[in-house]
Amino acid sequence: MAMKLKTTIGMTSVIAYLLTLGTCSGRLRGLGTTPNIKHIVMGRCFNYITLVNPSMRYDCEAIWSAFEEAVVKQASCDVAMEHYRHMFLEMPQTWACDRFLFWSKTKKLIQDYTAVARHFWTLEDTLAGYMFNDIIWCRQQEDSEFNFRSCPEWSACLNHPVHSLWRQASKNFAEMACGNITVLLNGSIENAFNTNSMFGSVELDNLNPVKVNYVNIKVVTNLDGPFIESCGSGSILDLIHILQSRGFRWTCSDNDRILKILQCVQKPEHSVCRTFAESLTQRETTLR
Ligand SMILES: *[C@@H]1O[C@H](CO)[C@@H](O)[C@H](O)[C@H]1NC(C)=O
Ligand SMILES: *[C@@H]1O[C@H](CO)[C@@H](O)[C@H](O)[C@H]1NC(C)=O
């Protein structure tokens with residue numbers, strides 16, 4: 001049952017992601033507030049408190065009201081993180097240590113990864129992340145209503161309503177993190193560790209070295225490359241440097257087996273995967 005639920009959610013967010021492709025990079029042109037936003041967001045909230053995390057007590061109506069108030073009371077480019085304060089007070093959350101997973105530019109892989117490595121917890125598993133994943137919203141220019149025709153791009157606003165909510169949610173998530181945490185970065189792009197990303201600009205700064213035991217970095221590249229960054233090169237070194245200077249302990253791996261297996265499940269015929277499968281078989285033979 002739980003398995004099935006997770007798969008359905010995964011599928012939905014993949015579809016939603018394809019529909020709104022590019023939200024993360026700030027290309028919202030032509031897209032207004034997601035149609036049926038209230039039904040979707042409230043439905044997800046009730047789904048979360050009823051089926052996903054039944055032990056949690058939240059008031060979905062109150063959360064929606066606080067959200068709506070934050071968005072429609074301000075001009076569309078003036079919704080700051082603080083405006084969501086009331087909403088986040090309605091959804092306090094804590095989670096067990098050693099499960100926090102942060103990621104940047106690895107969205108597709110992370111969905112497979114969390115479906116398999118089920119103990120991991122990402123921002124998208126928090127109530128706020130779950131409710132607002134892939135949704136867009138903004139207010140009308142003159143009117144206290146949602147604008148369903150178009151929303152400004154992230155870069156066009158100092159305080160974009162969508163950006164501010166994710167910044168606050170990311171901040172809360174990072175502040176909660178404890179024990180061993182995992183960071184998954186994309187080694188097939190320049191600046192795998194990007195100081196403008198949510199991880200680089202919000203989450204990293206809100207991690208507490210007293211609460212966090214180890215930061216375990218995993219760098220993953222596409223099977224076909226390009227192979228641009230690794231634990232020993234590029235921006236990953238900057239990240240390691242920052243972690244060290246703040247007193248974090250860390251590890252970094254370029255070649256995580258589970259991640260490679262997940263990639264190979266999608267492309268079993270790829271030459272990398274054939275070699276990899278052989279090495280796994282050999283290892284097994286040796287073990288016997
Ligand atoms: C890395 O980023 C590129 C460009 O955004 C993307 O196409 C690719 O799927 C990402 N790779 C992984 C392993 O997530
Ligand atoms: C935390 O990470 C370190 C370094 O990878 C490892 O030695 C240790 O066993 C981990 N602890 C837990 C509780 O996972």
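The values are calculated or read from the model by the stated rules, or taken from the named source; none is laboratory data. Because the structure is predicted, anything quoted here is derived from the model rather than measured. With ideal geometry, Cβ positions are generated from the backbone for all residues, glycine too; neighbour counts draw on all protein chains shown. Each accessible area value is taken on the protein alone, full model and side chains, heavy atoms only, with ligands, DNA and RNA left out. Shrake-Rupley method; radii C 1.70, N 1.55, O 1.52, S 1.80 Å.
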Quiz item: For Phe227, Phe46, what's the largest-to-smallest order of accessible area, 1.4 Å probe?
Solution: Phe227, Phe46
Self-check item: the chain, helix-only ellipticity at 222 nm - DSSP H runs n ≥ 4, -39,500 (n - 2.57), divided by all residues, nearest 500
Solution: -12500 deg cm²/dmol
Quiz item: Roughly what angle does helix 2-19 make with the longest principal axis of the chain, taking Cα atoms, 0 to 90 degrees, to the nearest 10?
Solution: 70
Quiz item: Looking at the square roots a ≥ b ≥ c of the eigenvalues of the Cα gyration tensor of the chain, which shape do they give, rounded for a/c under 1.5, prolate if a/b is larger than b/c, or oblate?
Solution: prolate
Practice problem: Can you list which of the trypsin sites (Lys or Arg not before Pro) found in segment 118-227 are DSSP loop residues with at most 13 other C-beta atoms within 10 Å? | Solution: Arg118, Arg149, Lys211
Quiz item: Taking segment 185-288, which GluC sites (Glu not before Pro) meet the DSSP loop condition and have no more than 16 other C-beta atoms within 10 Å?
Solution: Glu190, Glu269
Quiz item: Once both labels are modelled 7 Å past Cα along the beta-carbon direction, what's the Asp143-Arg85 spacing in nm?
Solution: 3.1
Quiz prompt | Surface per residue (accessible, 1.4 Å probe) for the chain, Å² | solution = 52
Quiz item: Under unit Cβ charges (Lys, Arg +1; Asp, Glu -1), what dipole magnitude, rounded to 20 debye, does the chain have relative to its Cα centre?
Solution: 740
Quiz prompt | Angle between the chain longest axis and helix 107-116 axis [Cα atoms, degrees, rounded to 10] | solution = 70
Quiz item: Taking only pairs that are 8 or more places apart or on different chains, how many Lys pairs in the chain have Cα atoms under 21 angstrom apart?
Solution: 19
